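Trainee: Pasting a structure below so you can have a look.
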Amino acid sequence: MMVFALGPIMTRIPATTSNPATNPATRSSIVPRLQFEAAGGIVHQIEGIVASRSGPVAVVTGASSGIGAATVLALGRVGYRIVAGARRLDRVRRVVGESGVALPLDVTKLESIEAFADETAKRFGRVDVLVNNAGLARGLTPIGEAKDEDWIQMWEVDVLGLMRVTRACLPLLRKARHGHIVNLGSIAGFETYRGGAGYTASKHAVRAISRTLRLELNGEPIRVTEIQPGMVETEFSVVRFGGDRKAAKAVYQGVKPLVAADIADCIVFAVTRPPHVDIDEIVVRPVAQAATWLVARKP
Ligand SMILES: NC(=O)c1ccc[n+]([C@@H]2O[C@H](COP(=O)([O-])OP(=O)(O)OC[C@H]3O[C@@H](n4cnc5c(N)ncnc54)[C@H](OP(=O)(O)O)[C@@H]3O)[C@@H](O)[C@H]2O)c1
């Protein structure tokens, strides 16, 4: 069994004991397990570590796909008890397996957020880590032609949703010995590109929220980390292009993008630092992507 320094909260057990979150019998085909192994950053290092019954609690929003699903697996592997939410509950259930609880969550609906937080409080009484991952882009259209409904949806999910989930979970984060908020920003939070105003504005806002939270929580044992990925191959582009898989595929043409597990790896790194260490921001992008709009592609 390999030893991995994770701090005092983790339980180490024989490597023969499997974690249901990553057990082939319970995992879903939508979970990018192979990507985990290909990424090589997590799996082999932490083999043999599973959640204890009193382990720390991590809430992950947008856990039905992509980065959220990979984060559920990665945090489950390092001993977190998971509360995972998204609208497609069946998928969340398959991702979480027995490593935690899958709950319905629509971050655009206040009552859904409140029910999610209430259920988390009832079951666990606290939250050690909140991963605000739920998010999307809609369209790639210049401001002159963009649709109101796309702007509204991005703002409601990426910005208002993130703030509302944070507000609902703050009392539970304050009940933990050390709380940690991890926000999924983007390089679109400090760069811009043509056709991207709705999304870049929402991710610039996430950056402002992360920085504001750090000021407001100063003096409390709650860390705030923003993860700012470049291009990651998930369902993100399929959603952006309204289900047009051809258009989505073209985004990754001739380039090796990041995979969801690469981002989960960064999140695990940030949350497993000693409690006095705050990783403010992690910017991570494919080597081939020098800017949102400048990607070196092979023919
Ligand atoms: N992929 C990239 O290139 C990239 C780059 C930088 C940043 N990011 C950010 O990373 C995060 C995750 O994106 P991803 O790449 O993993 O995309 P993805 O595969 O499309 O996953 C997005 C997740 O957000 C959830 N979601 C969307 N609307 C929601 C709502 N109203 N309520 C609750 N959950 C909702 C989806 O679940 P349901 O549809 O089941 O609700 C899904 O689980 C986003 O914040 C995104 O902006 C992605």
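Since every read-out is calculated from the coordinates, none of them should be taken as a lab result. Because the structure is predicted, anything quoted here is derived from the model rather than measured. We place every Cβ from the backbone using ideal geometry, glycine too, and count neighbours over all the protein chains shown.
Trainee: Based on other C-beta atoms within 10 Å, arrange 167, 207 from fewest to most.
Mentor: The fewest-first ordering by Cβ neighbours comes to 167, 207.
Trainee: Below 8 Å between Cα atoms, with a sequence gap of 6+, how large is the relative contact order for segment 27-295 in percent?
Mentor: Once divided by the residue count of segment 27-295, the mean separation gives 19 percent.
Trainee: Taking the Cα centroid of segment 258-282 and of segment 181-231, what is the distance between the two, rounded to the nearest whole Å?
Mentor: 14 Å
Trainee: Using only the alpha carbons of segment 70-112, what is the convex hull's orientation-averaged projected area in square nanometres?
Mentor: Directional mean of the projected Cα hull area for segment 70-112 stands at 3.0 nm².
Trainee: On to the next question. Would you be so kind as to identify which of 215, 225, 251 lies farthest towards the positive end of the dipole of segment 197-259, taking Lys and Arg as +1 and Asp and Glu as -1 on Cβ and the Cα centre as origin?
Mentor: Result: 251, furthest along the dipole toward the positive end.
Trainee: At a 10 Å Cβ-Cβ cut-off, how would you order 119, 145, fewest neighbours first? Provide the component values of the computation, followed by the final result.
Mentor: Numbers: 119 16, 145 8.
The fewest-first ordering by Cβ neighbours comes to 145, 119.
Trainee: How many nm separate the modelled label positions at residue 90 and residue 145, each set 7 Å beyond the Cα in the direction of the Cβ?
Mentor: 3.6 nm
Trainee: Counting Lys and Arg as +1 and Asp and Glu as -1, what is the net charge of the other residues whose Cβ lies under 15 Å from the Cβ of residue 137?
Mentor: Result for the local shell: -3.
Trainee: What number does segment 27-295 give for Rg over Rh if you use C-alpha atoms and the Kirkwood radius?
Mentor: 0.94
Trainee: Need one number: nm distance between label points at residue 269 and residue 249, each 7 Å from Cα along Cα→Cβ, rounded to one decimal.
Mentor: For residue 269 paired with residue 249, the spin-label model returns 3.3 nm.
Trainee: In what order do 240, 223, 93 fall by count of nearby beta-carbon atoms within 10 Å, going from fewest to most?
Mentor: 93, 240, 223
Trainee: Follow-up question, since we're still on this one. Name the residues whose placed amide hydrogens come within less than 5 Å of the amide hydrogen of residue 224, ignoring near sequence neighbours (fewer than 5 apart) on the same chain.
Mentor: Those qualifying (amide H under 5 Å, at least 5 residues apart or on another chain) are 181.
Trainee: Sticking with this structure for a sec: Using modelled amide H (1.01 Å from N, peptide plane; none on Pro or chain starts), what sits under 5 Å from the amide H of residue 101, excluding residues fewer than 5 places away?
Mentor: Those qualifying (amide H under 5 Å, at least 5 residues apart or on another chain) are 82, 83, 84.
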